[in-house]
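The values are calculated or read from the model by the stated rules, or taken from the named source; none is laboratory data. Quick caveat, the model's predicted, so the values are computed rather than measured. Cβ sites come from the backbone with ideal geometry, for glycine too, and all protein chains shown count toward neighbours.
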Amino acid sequence: MYMDTILLLVSLMAVVIQGSPYRRVCYFTNWSRWRQGIGKFTVYDVEPFLCTHIVYAFGTFDSSGKVKPLNQGPDEKDWAALSKMKQINKNLKLLLALGGWNFGSVRFSNMAANPTVRSKFIYNAVDFLRKYDFDGLDIDWEYPTARGGVAADKANLVTLCKELIDAFNDDATKRGKDRLLLTAAVPANPKTAERGYDVMALSKYFDFINLMTYDFHGGWDGKTGFNSPLYAAPHDPNPTFNMDAAAKWWHGAGCPKDKIIVGFATYGRSFTLRDPSESGVGAPASTGPAGPYTRGQGFWAYYEICQSIEKGGQVIFDDDQKVPYYLKDTLWIGYDNEHSFTVKANWLKENGYSGVMFWALDLDDFSNACTTSTRTYPLIKTVIDILDGAMPVRTISTQVEPTDTTAADTQQDETLTVTDY
């Protein structure tokens, strides 16, 4: 049923953009399958031409360097379905992300430092990626030298990447196939990046980097602030905590613009105001409530925000930082909408960066849950409209296969807890 539906979808997509000069990197989170109601997201909600690269988050590896699925049965079913999707979109690339915030830094640090374990990890990763028809590996080490890491992590990461590329080249030659891709999710905070990343050296090995330009502000600040501002506010005490400054830092540190993929967040950060009469940017506040479906304290998917907006409240656009916030009583949410994504996409084009990364597919309005959404994935498609031309309106729905919703949510959203900012 799924493949029949996809073939029908393809036949309707006469305006699909082919050969885009921009990479559209979309993260797929394997814990979103356990959400309830309209929050439930499965591989069958993915549209095959939406992304040029889908990064599956997350796989794992043990202390011996063996790569494994995080949830073996369900994850393997996802990978098989995504592999079939590549038969529809011949240009689609599928990557496996290893790590993430909850995975931590220590296991990466120990693996990269030990030549024996590092070698096992590399060759095991090659076999694993080929077995499941992945096109590459995304390293999500959060972060080298931090969170229990050591100073040697900075050099060891370069060694790891060099040896991975050597192994990927050997594998491609032996198999007569395209080389596996090597990418990374990297921090936007220049201090974190400078401590842990030899940018000039790594840029020789990474095919591109996914810049995590979000979580700049949240309830941990004790005051309201934007999750992913484009620019700094006037007199901002942290003038590098924005997309423009972060991207410029990585380029200035040695990463070519044609390898910089800038992160766009399809979620927002919530706050609870201490005093409703003081409700602007920087107002005293604590971490806000959880979104009704995502259920992470201070974390709301776009579809949760737009549904709340439909029930009342104000949306205020900040002309300095080029992002909106939503205000209703004591609830304050800094987020992104179609207008701010339009501004950001034009900024990306004007500054010559090579693509956009979305965290994450399951957080956009993927099912038209909001009456204000004229199509599925309105945020992502707004960016595509600007980078590549108008996307078609989806006119049919895919058939979703039953999924066990009784299993525990084994992985919380990776953006729930941030201490490096």
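Output the number of the condition that A345 fails; it satisfies all remaining conditions of (1) in a loop (DSSP other than H, G, I, E, B); (2) at pLDDT 95 or above; (3) among the small types (G, A, S).
(1)
Out of D207, D153, I need the residue that is of a type outside the set (K, R) and more than 21 Å from the chain's Cα centre (by Cα). Which one?
Matching residue, one of D207, D153: D153.
Filter the range 320-365 down to the residues that are touching a Ser or Thr at 6+ places or on another chain (Cβ under 6 Å), buried (at least 24 other Cβ atoms within 10 Å of the Cβ) and of a type in the set (V, I, T) and list them by number.
V323, I333
So which strands (runs of 3 or more DSSP E) stay within the range 201-273 end to end and still have 1 or more residues that are free of Cβ contacts under 8 Å to residues at least 60 places away in the same chain and surrounded by 23 or more Cβ atoms within 10 Å (Cβ to Cβ)?
Values: elements: 208-212, 260-265, 267-273.
Answer list for the range 201-273: 208-212.
If you check D140, D170, which single one turns out to be closer than 28 Å to E76 by Cα, surrounded by fewer than 22 Cβ atoms within 10 Å (Cβ to Cβ) and at pLDDT 95 or above?
Unique residue meeting the criteria: D170.
Go through the range 280-319 and give me each residue that's crowded, with 21+ Cβ neighbours inside 10 Å, of a type outside the set (A, V, I, L, M) and closer than 25 Å to P237 by Cβ.
Listed by number, the residues that qualify are G288, G298, F299.
Of the conditions (1) in contact with a helix residue (DSSP H, G or I) (Cβ under 7 Å, 6 or more places away or on another chain); (2) assigned to a helix (DSSP H, G or I), H339 clears all except one; give me its number.
Status for H339: all satisfied but (1).
Give me the pairs: first residue in the range 119-131 and in a helix (DSSP H, G or I), second residue small (G, A, S), beta-carbon distance under 7 Å, and six or more apart or on different chains, which are they?
Hits for this filter: K120/S64; K120/G65; F121/G65; I122/A167; Y123/A167; N124/G65; V126/A167.
Report every pair of residues separated by at least 6 positions or lying on different chains whose Cβ atoms are under 7 Å apart, first residue within the range 95-110 and in contact (Cβ under 8 Å) with a residue 40 or more places away in the chain and more than 23 Å from H53 (Cα to Cα), second surrounded by fewer than 23 Cβ atoms within 10 Å (Cβ to Cβ) and of a type in the set (K, R).
If the second residue must be surrounded by fewer than 23 Cβ atoms within 10 Å (Cβ to Cβ) and of a type in the set (K, R), the pairs left are G104/R147; S105/R147.
Going through D166, D170 one at a time, which residue ends up being out of contact with any strand residue (DSSP E or B) (no Cβ under 9 Å at 6 or more places or on another chain), within 15 Å of L202 (Cα to Cα), free of Cβ contacts under 8 Å to residues at least 24 places away in the same chain and in a helix (DSSP H, G or I)?
Testing whether each residue is out of contact with any strand residue (DSSP E or B) (no Cβ under 9 Å at 6 or more places or on another chain), within 15 Å of L202 (Cα to Cα), free of Cβ contacts under 8 Å to residues at least 24 places away in the same chain and in a helix (DSSP H, G or I) leaves just D166.
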